Amino acid sequence: MKDIALKHIHEALGAKMVPFAGYNMPVQYEGVNIEHETVRKGVGVFDVSHMGEFLIEGENALALVQKVTSNDASKLQIGDAQYSCMPNNTGGIVDDLIVYRVKELTYLLVVNASNIDKDWNWITSHNSMQADMRNISDNYSLLAIQGPKAVEAMQSLTSVNLNEIPFYKFKVADFAGIEHVIISATGYTGSGGFEIYCKNTEVEQVWNKVFEVGADFGIKPIGLAARDTLRLEMGYCLYGNDIDDTTSPIEAGLGWITKFTKDFINAEALQKQKTEGTTRKLVAFELTEKGIPRQGYDIVNEDGKKIGNVTSGTMSPSLKKGIGMGYVTKEQSKLGTEIYIQVRKKQIPATIIKLPFYKG
């Protein structure tokens, strides 16, 4: 197990630490519902330093990024970020990621912690154009400061106007007394805020100053458990649950990040899927009776026949009802369709709805 730079701080704060993606991570402090509410209504801080960061640089950097990712990175200006995925050769997804254009010839790829080695090897194996690659994951920390009060609470720590960083844009600027920090607005909670990328040697200073200026705003540390309930209320996919090596971006509803205006790995097969349709589709559903859907539960039709399975599910802290996502057959995927979640011996009715669950 690897340790993140602030492990000692989380332990001192009473965090429940658990192994996650090869790292000891804080899963919760006070409790999931309290932490969830803090982010929805105030401001909270996630330490997500387990995430991976790769720098792709040089004259051929864009060519490599374009080859391995599904979205069109040629559209990125300096200061832009882009959600994307890396398709594999068999119709699935190696990982989903965020691509940042940091300089003219420099791209930062932020990948999931559990996939750092896999992603690095995958990109390296396709680097026939000899772009410069650097894996800086072990040297950098990442804090996500999320919630409607995040901008107001943090403004005094930087000379940049945080209100002027739109969604999926970023600035390289001063923050908490550290120069050249990435301040990015690519939140995973749906409640606003931003992320801070800094060196491991700088993150304790950043953390302390964030909590110092945030005190008047009720700032709290937030664990990974609440991160999961927050992202699920928005319908954001989680790698390993809703997408993986066997799910295609088309059936996962990620056609919007799959651009066929360029060539990329397995583009032909995915374009065929987009044209001809898929046999299953990722849908969102709300339970209409009491119950909690969990990953792996069967989804059945009114006759009790299995039509799919739950990939993510929880009791929504904001909505006070069971919500989830899962793959079902194309025929059963229309909005408003009634489906049933097999919870032990009981079949609990649910309705397929349009995302997000949480409307704010």
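Please verify whether TYR29 is more than 24 Å from SER248 (Cα to Cα) and either outside the structural domain of GLY223 (by TED's automatic domain parsing) or among the hydroxyl-bearing types (Ser, Thr, Tyr) (or both), treating the condition exactly as stated. It would help to see each step written out before you state the result.
Numbers: more than 24 Å from SER248 (Cα to Cα): yes; either outside the structural domain of GLY223 (by TED's automatic domain parsing) or among the hydroxyl-bearing types (Ser, Thr, Tyr) (or both): yes.
Taking the combined requirement at face value, the residue satisfies it.
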| remark: Reported set for segment 44-68 where residues are of a type in the set (D, E, K, R) and either free of Cβ contacts under 8 Å to residues at least 24 places away in the same chain or outside any loop (DSSP other than H, G, I, E, B) (or both) is ASP47, GLU53, GLU57, LYS67
| request: May I ask you to list pairs of residues, at least six apart or on different chains, whose Cβ atoms are under 6 Å apart, with the first in segment 198-224 being without any contact (Cβ under 8 Å) to a residue 60 or more places away in the chain and the second being in a loop (DSSP other than H, G, I, E, B)? | output: LYS209/ALA176
| task | Among the residues of segment 265-321, write down those that are out of contact with any Asp or Glu (no Cβ under 9 Å at 6 or more places or on another chain) and hydrophobic (A, V, I, L, M, F, W, C). | result | ILE265, ALA267, ALA269, LEU270, VAL283, ALA284, PHE285, LEU287, ILE292, ILE299, VAL300, MET315
| said: Of everything in segment 331-357, what is surrounded by 14 or more Cβ atoms within 10 Å (Cβ to Cβ), of a type outside the set (Ser, Thr, Tyr) and either assigned to a strand (DSSP E or B) or over 25 Å from the mean Cα position of the chain (by Cα) (or both)? Give them in sequence order. | reply: GLN332, ILE339, ILE341, GLN342, VAL343, GLN347, ILE348, PRO349, ALA350, ILE352, ILE353
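Residues checked against (1) surrounded by fewer than 14 Cβ atoms within 10 Å (Cβ to Cβ); (2) assigned by TED's automatic domain parsing to the domain that holds VAL213; (3) farther than 30 Å from ASP216 by Cα; (4) in contact with a Pro (Cβ under 8 Å, 6 or more places away or on another chain):
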| site | (1), (2), (3), (4) |
| --- | --- |
| LEU97 | no, no, yes, no |
| VAL111 | no, no, yes, no |
| VAL151 | no, yes, no, no |
| SER156 | yes, yes, no, no |
| ASN161 | yes, yes, no, no |
| field | Of all residues in segment 69-107 being in contact (Cβ under 8 Å) with a residue 60 or more places away in the chain and among the charged types (D, E, K, R), the one that is farthest from GLN273 (Cα to Cα) | value | ASP80
| query | Hey, does segment 231-239 have a residue that's surrounded by fewer than 20 Cβ atoms within 10 Å (Cβ to Cβ), at pLDDT 95 or above, in contact with a Lys or Arg (Cβ under 8 Å, 6 or more places away or on another chain) and in a loop (DSSP other than H, G, I, E, B)? | reply | yes
| said: Name the single residue that is farthest from TYR358 (Cα to Cα) among those in segment 177-194 being within 11 Å of the chain's Cα centre (by Cα) and of a type in the set (Ser, Thr, Tyr). | reply: THR186
| field | The lone exception for THR189 - which of (1) buried (at least 24 other Cβ atoms within 10 Å of the Cβ); (2) free of Cβ contacts under 8 Å to residues at least 12 places away in the same chain it fails | value | (2)
| message | Please count how many residues of segment 242-291 are surrounded by 20 or more Cβ atoms within 10 Å (Cβ to Cβ), more than 23 Å from the chain's Cα centre (by Cα) and not in a loop (DSSP other than H, G, I, E, B). | response | 1
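The values are calculated or read from the model by the stated rules, or taken from the named source; none is laboratory data. This is a predicted model, so every value here is computed, not measured. We place every Cβ from the backbone using ideal geometry, glycine too, and count neighbours over all the protein chains shown.
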